[in-house]
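The values are calculated or read from the model by the stated rules, or taken from the named source; none is laboratory data. Everything numeric in this text was worked out from a predicted model, so none of it was measured. In this analysis, Cβ positions are derived from the backbone assuming ideal geometry, glycine residues included, and neighbour counts consider all displayed protein chains. Please note that ligands, DNA and RNA were not included when accessible areas were found on the heavy atoms of the full protein model with its side chains. Shrake-Rupley method; radii C 1.70, N 1.55, O 1.52, S 1.80 Å.
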Amino acid sequence: MITVASVSKSYGRERVVDDVSIEFGAVGVTSIIGPNGAGKSTLLGMIARLIPTDVGAITIDGHDVHTTPTGTLATRVAVLRQDNHLTARLTVRDLVGFGRYPYSKGRLTVEDQNIIERSLAYLDLAALESRFLDELSGGQRQRAFIAMVLAQDTDYVLLDEPLNSLDVKHAVDIMRLLRRTAIETGKRIVIVVHDINFASVHSDEIIAMKDGRVVAHGTPLEVMRSDVLGSLYEVDVDVRDIDGQRIALYYG
């Protein structure tokens, strides 16, 4: 269980996360939605200990993220940031191998190699394992980074806008993959995403943020409502049930 208790974060006089309390547990996908500047990425960064909190506490399976040793925390939560570009020329296999560092400290064991093989196969990357990252398409590269965090073999995976710069096909592929990964490998995947319909179709729960606060939290059925989304984004939103899914239509 990830527990966020009364957490706030300010930059100067601007409070970007304002007294947020929330829990992430069990298996499945949680999507965090909201307008730009809502505090979504900052909240994720604090959970990952990439950003210090000003007020409040965050624990992962009872471990305080402020005081738990980095090595211990890295065996419980894996993080993929927005700026996941590497300047070093790495192969796909090299990148995925980084996910084993919390366990191997750079000296890969047979077990580490087996987990790397499984991660490559699971993401359909085995045929590309010797390719350099700069030789891949955007969708292939994003799959390689996701394979890296899966190789870290944690119960919790945090992904900050992993659909950035992807076309519709690759974005759909990634969301389907994340949903399948959560269910088949027993993980809780928390994703910051801008496309509210992707969140609706592929998530078990949605957290809606605005002005640093959580304004709605529940299943897609509970959050994908015209009044909730209209207030969240300050535009008229028509929510319809299409093929058993809640879909938002908005035209400005």
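Structure values in brief
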{"item": "Residue in the stretch 192-207 that is within 16 Å of the chain's Cα centre (by Cα) and of a type in the set (Phe, Trp, Tyr) present", "result": "yes"}
{"item": "Number of the exception - Leu166 against (1) part of a helix (DSSP H, G or I); (2) surrounded by 15 or more Cβ atoms within 10 Å (Cβ to Cβ); (3) in contact (Cβ under 8 Å) with a residue 24 or more places away in the chain", "result": "(1)"}
{"item": "Val190 outside any loop (DSSP other than H, G, I, E, B), free of Cβ contacts under 8 Å to residues at least 40 places away in the same chain and under 30 Å from Ser119 (Cα atoms)", "result": "no"}
{"item": "Filter pass, Ile116 being modelled with pLDDT of 95 or more, of a type outside the set (Lys, Arg) and under 16 Å from the mean Cα position of the chain (by Cα)", "result": "no"}
{"item": "Complete set of residues in the stretch 218-252 that are open to solvent by less than 80 Å² (accessible area, probe 1.4 Å) and not aliphatic (A, V, I, L, M)", "result": "Gly218, Thr219, Pro220, Ser226, Gly230, Ser231, Tyr233, Asp238, Gly244, Gln245, Arg246"}
{"item": "Residue count for the stretch 201-217, restricted to those that are open to solvent by less than 20 Å² (accessible area, probe 1.4 Å) and within 19 Å of Glu234 (Cα to Cα)", "result": "6"}
{"item": "Residues satisfying the stated conditions in the stretch 169-184, i.e. in contact (Cβ under 8 Å) with a residue 60 or more places away in the chain and open to solvent by 10 Å² or more (accessible area, probe 1.4 Å)", "result": "Arg179, Ile183"}
{"item": "Enumerated helices (runs of 4 or more DSSP H) restricted to the stretch 18-126, each holding at least 2 residues that are surrounded by 14 or more Cβ atoms within 10 Å (Cβ to Cβ)", "result": "40-47, 92-98, 101-104, 110-122"}
{"item": "Condition met for Asp155 (open to solvent by 70 Å² or more (accessible area, probe 1.4 Å) and touching a residue at least 12 places away in the same chain (Cβ under 8 Å))", "result": "yes"}
